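The values are calculated or read from the model by the stated rules, or taken from the named source; none is laboratory data. Since the structure is predicted, the reported quantities are computational estimates derived from the model, not experimental observations. All Cβ positions, glycine included, derive from the backbone under ideal geometry; neighbour counts span all protein chains shown. Note: areas computed on protein heavy atoms with side chains; ligands, DNA, RNA excluded. Shrake-Rupley method; radii C 1.70, N 1.55, O 1.52, S 1.80 Å.
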Amino acid sequence: MSDIIVVGAGPVGLWTAIQLKLHYPALQILMLEKHAKYQRSHTVKIDETSFKESHSNPEFQKLIAPLVGLVSTNVLEQTLKNYALKLGIEIRNEAVTSCQALVEKYPEAKIVIGADGSHSVVRKDIFEDKKNNKDLQYVAEIKYEVEGDSQPFSIWSQIYDPLLKVNHLVTEHVGKQNQNGKTPVTLRVFVDQNTFNGITQATFKDPYYWTKEDKNKMDPKLVQTIEIWLKEREKTFKDKIVKNSIKISSLKLNAYHSEKVVDQKYNKQWVLVGDAAFGVPYFRSLNNGLLCGSKLAEKISAFLQGQFDETQTSVLGFRWTKKISPLGSYSTFVSELAKYEKWIAALKTEGINVLSTQLSMVKTLLGIGIIGKQEEASVPGRMMVVGLTAIAGACLYSAMLSTKDKDEKKNFKTKTETPSSTKPKCK
Ligand SMILES: Cc1cc2nc3c(=O)[nH]c(=O)nc-3n(C[C@H](O)[C@H](O)[C@H](O)COP(=O)(O)OP(=O)(O)OC[C@H]3O[C@@H](n4cnc5c(N)ncnc54)[C@H](O)[C@@H]3O)c2cc1C
């Protein structure tokens, strides 16, 4: 007999279930996961502010303390999964195909949490898949591995040289060296819609490879950008690319959020969390999922204990306190966070556009529209323009593309913070 069912035992589902169990140890939690082994194997950047408001249990805090910075999703998954099992959470290898079938099979569950990722079945069945969706950028994503260790270009001193030589703005994500001694590298080349339309056939599951045949399918300027970037990395870091490892796919960076994340149907409460609830680009989604997971665990626990949250309302100087359901507070929290993160993503997009324009302006100023003619510009003039742009661009680049949005998080204050008096006590 399960009180709570969590659909999807990905990082956010596990994170939420664990904290729910810590808040309310008597709860029977069942997780349904369609894959026996977690399918994703990338490196994520976890900001320590995403652990803010996580359950204060010392054992849990000790467990998550090393999970800050660059972390492999496999390590994150395994750590959380082991701990969930230790706490007595059941994880069953079962795919949920429809919510109605789920209800028939598990009629006793009071709450179902949809933590089943960006293609959530729960969102489709219960929330009619109503999403606010905004396309932000068109990207050619290049993924490959290098032998041994590697690192990204320093945004303060190294990146301007390669950026001035290529035709597009490029960002990098260099992962951690894996057990086989190889390091994954991801390049994102920001392209216009026409260039993007030419590579839509190249998908994550069925990518283009760095072969003559596939190069011919791409815009020559894009091929040139990739070639130059790989050469620059090789020159600077002695990158030795693992043979046949380069894969190119098209990627539309979009921001979406489910119109509703809490609903009642089939006599149960349904809630969305993680990528099922909302997603934003620029490596923020997991961080947001962790923030929402901590909030959701706390609110479900309060809900089950019959507690209410209080919000202050004021009109024409009259103030009064309104009681709202903790799940209503969760819904407002997610909606505020999603709006905020979408705004930040739009700002970053603008930053990328400004930076792209700035770079092409500099190139025009330097008269280096054609690669290799840099030396034609006068040395002092070139140094001045590059210096000024480097300073302005580096500030923009770090502000806009940084995944450590500590200040942003500090500034984010939800209107629905639970007054401390109504917070459920940690058990
Ligand atoms: C290359 C890459 C790099 C990234 N880097 C970062 C980063 O640096 N920082 C960051 O914050 N985010 C990053 N992200 C995003 C991050 O990986 C996701 O936000 C995160 O994995 C979402 O976790 P989740 O648990 O919500 O969903 P998922 O990881 O998608 O997990 C969902 C789980 O539900 C299961 N499931 C799905 N459907 C069903 C079903 N019908 N029945 C049963 N089980 C089901 C799936 O098998 C899966 O295990 C990155 C993503 C990618 C692709």
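What aspartates and glutamates does K238 reach when the alpha-carbon gap must be under 18 Å and sequence neighbours fewer than 8 apart in one chain are set aside? Hits, sequence-local ones excluded: E145, E147, D149, D161, E172, E227. Taking θ as phi - 60° and the Karplus parameters 6.51, -1.76 and 1.60, the scalar couplings of region 67-78 work out to 8, 10, x, 7, 10, 6, 4, 5, 5, 4, 4, 5 Hz in sequence order, x denoting glycine and proline. Every helix of 4 or more DSSP H residues in the chain counts as -39500 (n - 2.57), and over all residues that averages to -12500 deg cm²/dmol at 222 nm.
A 1.4 Å probe over all protein chains sorts R319, R233 by accessible area into R319, R233, starting with the largest. Computed with a 1.4 Å probe over protein heavy atoms only, the accessible area of E128 comes to about 120 Å². The accessible area of Y266, taken with all protein chains in place and a 1.4 Å probe, comes to roughly 90 Å². Near the amide H of V146, within less than 5 Å, lie the amide hydrogens of T183, V185, V242, all on another chain or at least 5 residues away, with H placed in the peptide plane.
Taking Cα pairs under 8 Å and at least six residues apart, what relative contact order does the chain come out at, in percent? For the chain, the relative contact order is 20 percent. The share of Cα pairs per 10 Å bin across the chain, counted from zero up to the longest distance, runs 4, 20, 28, 23, 15, 8, 2, 0 percent.
The distance separating the Cα centre of region 1-53 from that of region 80-136 comes to 11 Å. E108 contributes an accessible area of around 60 Å² to the protein surface, as traced by a 1.4 Å probe with all chains present. Residue pairs exceeding 23 angstrom between C-alpha atoms, taken from K217/K363; K134/K265; K215/K243; K52/K143: K217/K363; K134/K265; K52/K143.
Which length gain, in nm to one decimal place, applies between Q158 and L365 when the Cα-Cα distance is subtracted from 0.36 nm times their residue separation? List each step's numbers first, then the result.
Working: separation 207, 0.36 × 207 = 74.52 nm, distance 2.05 nm.
Going from the current span to full extension adds 72.5 nm.
Using Cβ point charges alone (K and R +1, D and E -1), the dipole size of the chain about the Cα centre works out to roughly 400 debye.
Go through W156, W229 and list them by solvent-accessible area, largest first, probe radius 1.4 Å.
On the way: W156 165, W229 0 Å².
Result of the area sort, largest leading: W156, W229.
Surface composition of the chain: carbon plus sulfur atoms hold 53% of the accessible area, using a 1.4 angstrom probe and ignoring ligands, DNA and RNA. Rolling a 1.4 Å probe over the protein heavy atoms gives the chain an accessible area of 49 Å² per residue.
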